[in-house]
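Student: Structure in C-alpha cells, see below.
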Amino acid sequence: MTDLPAISSRHHNRISALHEEVTAWRRDLHAHPETGFEEVRTAGIVAGKLKEFGVDEVLTGIATTGVVGIVRGREPGPTIGLRADMDALPMQETGDVSYKSTVPGKMHACGHDGHTAMLLGTAKLLAESRDFAGSVALIFQPAEEGGGGGRVMVEEGLFEKADCKSVWGLHNWPDLPLGTFCPLAGPAMAGIDYFDIAVRGQGTHAGMPHDGVDTVLAAAHLVTAIQSVPGRNVSPHETATIGVSMFKGSDAYVVMPDEAVIGGSVRYFNPAVRDLAEARIRSLAEGIAKGFGCEAVIDYRKNYPPAINPPAEADVAAGIAGSVVGTANVIREHEPCMAGEDFSFMLNERPGNYIWMGTAAPDHRSGKLHYPDYNFNDASIPLGIGYWMALVDELLPAA
Ligand SMILES: [Zn+2]
Ligand SMILES: [Zn+2]
C-alpha cells in the first residue's frame, strides 16, 4: 500500500485504521462493475454495510438502485447530504490490476468505486462515534454517467425523505496532485444536451447517385456547419463545446442510404448559450437538408444542467479541505471542466459544493477519467474520508 498522505484530522488514527478495509471494498466494487440503474449488487453491498454499521435509516430503491443512509448524531440538529455515485461505464478495461473488471465491456473508469467505498468508510466512522449535532444523509446515487440518476433521485423525493440543508459532492481528479483539493466557486462542470439528426432523402445505387438524393453528403455538410455555431454565433466571451461524435450512413460501399444520422453533444455554462446553440443547430439542419433536397428530423434533448458551485459554500469547502491538507494545497483558481455531472440536479435544489480531490501521484499509474487503463488511486482514500469527516465536524458541531 502507498504511504499515507499527510492529513490533518482529529479522526486521523481511525481513518488510517480503516484504510485497508475500505481499499478492499473499493477493489471488490472495481472487479464487479455495474452500469446505470443496474447497480443491484453494488446497492446491495452498500445497504448491507450501512445496516451492519448501525446507520439509523437505510432507504433503498430510490431511482431504482439508489440508497440513502441516515445516521443521527448524539445531539439534534440539521441534516446535511453527502453524495457518492455508484455506476460504472460501458467500456472494456485494458489495465492489468489483479482486481480488474470481471464483467466484459464494463469497468469503473471514473472512480465511482472509490467514491462509494470512501462514503461507506465515512458512514462507518460516523455511526461509531455519533460525535455531531444533527443528521448526515449518505446519498449513494445510480447512473451518473449519462442516465441522470441524480435527477431521478430528486424527482423521487430525495430531499423530502432526507431534508438536507445543504448537499456536498466529491470527485477524484487524476489531473491534480494527490493531497490537493479544488472546490471551485461558480461554474465547475458543464451543462450537456444531446442531439440526433436524421437527414432523410432517397437511397440509390452508389454508381447512379443522380437517381437518388444523397443524405450522406448533406449530413457531412451539416457536421461542418455545426462548427460555425461555437465559432461564429456564440460570443467569444462565452463557453460552448459543440461536436458531432456519431455518423451513420449505409452498411455497404455500393449503397447510398435513404437516411444518414448524426448525433453529438452541446456543452455550456450559460443557459442562454444553450438556447442559442439549439436554435442554430435546428436552423442549420433544416436549411442544409432542404438545400440538398432532403428533410431533417431533429431530436434535441436537454440533459444535465451545469454544476455551478455557489461562492459561499465553495468558501466553506475550501476551509474544510484546507483543514485536512493545508491551505496551500487547496486550489481556488482552475478552469472548469466541460464534462457533465448530474450532481447539478441536487445543487439546483440545495446549496452545496462539488469538490475535486487530486489523485495524481508518481507511483500511481492512474490514467485519465474514462480511459480504459484508468484506476482509482487508493492512496487518496484517507483524504476523501478525512474531507467528509471534517465537513461533518464543521457543519454539525456537537457541543
Ligand atoms: Zn465519468
Ligand atoms: Zn465520475
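The values are calculated or read from the model by the stated rules, or taken from the named source; none is laboratory data. Note that the structure is predicted; figures quoted are calculated from it, not measured. For neighbour counting, all protein chains shown are included, and Cβ atoms are generated from backbone atoms with ideal geometry for every residue, glycine included. With ligands, DNA and RNA removed, areas are computed over all heavy atoms of the protein, side chains included. Shrake-Rupley method; radii C 1.70, N 1.55, O 1.52, S 1.80 Å.
Student: Give all pairs with beta carbons closer than 9 Å in which a residue from region 376-398 that is under 16 Å from GLY358 (Cβ atoms) meets a residue that is open to solvent by less than 10 Å² (accessible area, probe 1.4 Å) and of a type in the set (Asp, Glu); count only pairs at least 6 apart in sequence or on separate chains.
Tutor: Cβ pairs passing all conditions: PHE376/ASP113.
Student: Which pairs do you get when a residue that is in contact (Cβ under 8 Å) with a residue 24 or more places away in the chain, found in region 202-219, comes within reach of a residue that is surrounded by fewer than 17 Cβ atoms within 10 Å (Cβ to Cβ) and among the small types (Gly, Ala, Ser), reach meaning Cβ atoms under 6 angstrom, with the pair 6+ apart or on two chains?
Tutor: These pairs meet every condition: VAL213/GLY293.
Student: Name, by its number, the condition in (1) in the same structural domain as ASN348 (by TED's automatic domain parsing); (2) touching a helix residue (DSSP H, G or I) at 6+ places or on another chain (Cβ under 6 Å) that does not hold for THR204.
Tutor: Unmet condition: (1).
Student: Just to be sure before I move on: is SER283 of a type in the set (Ser, Thr, Tyr) and open to solvent by 40 Å² or more (accessible area, probe 1.4 Å) in the structure I sent?
Tutor: Criteria met by SER283.
Student: Also: So is PHE292 open to solvent by 60 Å² or more (accessible area, probe 1.4 Å) and either at pLDDT below 95 or among the hydrophobic types (A, V, I, L, M, F, W, C) (or both) or not?
Tutor: Yes: the conditions hold for PHE292.
Student: Could you figure out which of (1) aliphatic (A, V, I, L, M); (2) within 16 Å of ligand 1 (Cβ to nearest atom); (3) within 25 Å of VAL244 (Cα to Cα) isn't true of ALA289?
Tutor: Result: ALA289 passes all but (2).
Student: If you scan region 134-183, which residues turn out to be part of a loop (DSSP other than H, G, I, E, B) and within 16 Å of ligand 2 (Cβ to nearest atom)?
Tutor: Passing the criteria: PRO142, ALA143, GLU144, GLU145, GLY146, GLY147, GLY148.
Student: Another question, if that's okay. Considering region 100-137 alone, what residues qualify as being touching a Leu at 6+ places or on another chain (Cβ under 6 Å) and more than 16 Å from ligand 1 (Cβ to nearest atom)?
Tutor: LEU119, GLY121, ALA123, PHE132, ALA133, GLY134, VAL136
Student: Let me ask another. Among the residues that make up region 224-234, is at least one of them part of a strand (DSSP E or B) and either touching a residue at least 60 places away in the same chain (Cβ under 8 Å) or of a type in the set (S, T, N, Q) (or both)?
Tutor: No, region 224-234 contains no residue that is part of a strand (DSSP E or B) and either touching a residue at least 60 places away in the same chain (Cβ under 8 Å) or of a type in the set (S, T, N, Q) (or both).
Student: Consider LEU50 carefully, then state whether it is away from ligand 2 (no atom under 16 Å from the Cβ) and modelled with pLDDT of 95 or more.
Tutor: yes
Student: Has region 111-125 got at least one residue that is modelled with pLDDT of 95 or more, farther than 15 Å from SER344 by Cβ and open to solvent by 40 Å² or more (accessible area, probe 1.4 Å)?
Tutor: yes
Yes or no, residue by residue, for (1) within 15 Å of ligand 1 (Cβ to nearest atom); (2) closer than 26 Å to ARG274 by Cα; (3) in the same structural domain as THR122 (by TED's automatic domain parsing):
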{"site": "ASP315", "(1), (2), (3)": "no, no, yes"}
{"site": "VAL325", "(1), (2), (3)": "no, no, yes"}
{"site": "PRO336", "(1), (2), (3)": "no, yes, yes"}
{"site": "ASP342", "(1), (2), (3)": "yes, yes, yes"}
{"site": "ARG350", "(1), (2), (3)": "no, yes, yes"}
{"site": "THR359", "(1), (2), (3)": "yes, no, yes"}
{"site": "GLY384", "(1), (2), (3)": "no, no, yes"}
{"site": "TYR387", "(1), (2), (3)": "no, no, yes"}
{"site": "LEU391", "(1), (2), (3)": "no, no, yes"}
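Student: Still on this structure: Can you name every one of the helices (runs of 4 or more DSSP H) wholly within region 262-376 that holds 1 or more residues which are within 16 Å of ligand 2 (Cβ to nearest atom)?
Tutor: So the answer is 343-347.
Student: Just need a number here: residues in region 320-341 that are open to solvent by 50 Å² or more (accessible area, probe 1.4 Å) and of a type in the set (Val, Ile, Thr).
Tutor: 1
Student: Farther than 30 Å from ARG301 by Cα, open to solvent by 10 Å² or more (accessible area, probe 1.4 Å) and touching a Lys or Arg at 6+ places or on another chain (Cβ under 7 Å): is that true of SER98 in this structure?
Tutor: no
Student: Kindly check whether there is at least one residue in region 43-59 that is more than 16 Å from ligand 1 (Cβ to nearest atom), surrounded by 14 or more Cβ atoms within 10 Å (Cβ to Cβ), at positive phi and of a type in the set (Gly, Ala, Ser).
Tutor: no
Student: Restricting attention to region 235-277, report how many residues are of a type in the set (Ser, Thr, Tyr) and either farther than 20 Å from ALA296 by Cα or free of Cβ contacts under 8 Å to residues at least 12 places away in the same chain (or both).
Tutor: 5
Student: Also, quick follow-up: Within region 88-99, is there a residue that is in contact with a Leu (Cβ under 7 Å, 6 or more places away or on another chain), more than 13 Å from ligand 1 (Cβ to nearest atom), modelled with pLDDT of 95 or more and over 21 Å from VAL22 (Cβ atoms)?
Tutor: Looking through region 88-99, none of the residues is in contact with a Leu (Cβ under 7 Å, 6 or more places away or on another chain), more than 13 Å from ligand 1 (Cβ to nearest atom), modelled with pLDDT of 95 or more and over 21 Å from VAL22 (Cβ atoms).
Student: Restricting attention to region 138-152, does a residue exist that is within 16 Å of ligand 1 (Cβ to nearest atom), under 14 Å from GLY384 (Cα atoms) and out of contact with any Phe, Trp or Tyr (no Cβ under 8 Å at 6 or more places or on another chain)?
Tutor: Taking every residue of region 138-152 in turn, none turns out to be within 16 Å of ligand 1 (Cβ to nearest atom), under 14 Å from GLY384 (Cα atoms) and out of contact with any Phe, Trp or Tyr (no Cβ under 8 Å at 6 or more places or on another chain).
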